[in-house]
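Below: the structure, in structure tokens.
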Amino acid sequence: MGMNPHDERATLCTQLSRYMEKHPENRANAERVLQFVMETPDCFERGHQAGHITGSAWLLNAAADKALLTLHHKLRIWVQPGGHADGDANVLRVALREAEEESGILGLTALSPEIFDVDIHTIPARPTAGEPEHLHYDIRYLLQAPHESFIISSESDALGWFTREEIHHLTPPADDATLRLAALWPKDKE
């Protein structure tokens, strides 16, 4: 049996605090996410229209020399797989679920239970869908796939495995947060 949501929220707060200690260069983002989690009871629900928690995966292949990116259908940029928590306070589980759903790859594993990166980004309004502009408080984990075969989901226009160098030359380009993830990618994994 898993933890109750209150315990999972507390675990996430502890993870965010550890992340801040290890990554002072990204402390401002992590502090904002931590404050959001502590002060917003429904932070894991996409119905919280000002913003919500999302979980993402920096997904490496078995050799750890390529990362999987998706050409996001709505945003038209290359990003890492990820998505809404939809009420789940275990954001690592969210990242694993979303990466599996978006890639069709089963058997993904977390290379660490610790947070790999934190980002806050604005999602543009979609008036036809009734969605106002809002923030994604995105928590990213380092995951690994057992193979490179994937299935493109309806959320993507394309998927691809890319080396660190290739990520910098994508068309359309990867967003700045994805380029930061490429820079964080452990060099001993290449």
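The values are calculated or read from the model by the stated rules, or taken from the named source; none is laboratory data. Everything numeric in this text was worked out from a predicted model, so none of it was measured. Using ideal geometry, Cβ is built from the backbone for each residue, glycine included, and neighbour counts are taken over all protein chains shown. Please note that ligands, DNA and RNA were not included when accessible areas were found on the heavy atoms of the full protein model with its side chains. Shrake-Rupley method; radii C 1.70, N 1.55, O 1.52, S 1.80 Å.
Key figures
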{"item": "Per residue, in Å², the accessible surface of segment 42-104 once ligands and nucleic acids are set aside, probe 1.4 Å", "result": "35"}
{"item": "Pairs of alpha carbons in the chain whose separation is greater than 23 Å (percent)", "result": "39"}
{"item": "Estimated dipole of segment 110-186 in Debye, rounded to 20 [Cβ of Lys and Arg +1, of Asp and Glu -1, Cα centre]", "result": "80"}
{"item": "Paramagnetic label zone (point 7 Å from Cα along Cα-to-C-beta, Ser17; backbone N under 14 Å) in segment 36-70", "result": "38"}
{"item": "Of all accessible heavy-atom area on segment 1-62, the percent that carbon and sulfur account for (1.4 Å)", "result": "53"}
{"item": "Backbone N within segment 158-190 under 17 Å of label point (7 Å from His73 Cα along the Cβ vector)", "result": "158-160"}
{"item": "Charge sum, other residues only, whose C-beta stays under 13 Å from Pro173's C-beta, Lys/Arg counted +1 and Asp/Glu -1", "result": "-2"}
{"item": "Linear extension gain, Thr109 paired with Ala63, 0.36 nm per residue minus alpha-carbon span", "result": "15.2 nm"}
{"item": "Trypsin sites (Lys or Arg not before Pro) restricted to DSSP loop in segment 56-116 with at most 15 other C-beta within 10 Å", "result": "Lys74, Arg76"}
{"item": "Viscosity 1.002 mPa s, 20 °C: Kirkwood-radius Stokes-Einstein D of segment 1-80 over Cα pairs, µm²/s", "result": "143"}
{"item": "Estimated 222 nm signal from helices in the chain, with DSSP H stretches of n ≥ 4 weighted -39500 (n - 2.57), rounded to 500", "result": "-9000 deg cm²/dmol"}
{"item": "Å³ per residue enclosed by the Cα convex hull of segment 90-190", "result": "130"}
{"item": "Stokes-Einstein translational diffusion, segment 120-178 - Kirkwood Rh over all Cα pairs, 1.567 mPa s, 4 °C, in µm²/s", "result": "89"}
{"item": "In order through segment 52-64: 3J(HN,Hα) via Karplus (6.51 cos²θ - 1.76 cosθ + 1.60), integer Hz, x for Gly, Pro", "result": "7, 6, 10, x, 10, 10, 8, 9, 9, 6, 4, 7, 6"}
{"item": "Relative contact order computed over the chain (Cα-Cα under 8 Å; 6+ residues apart), in percent", "result": "26"}
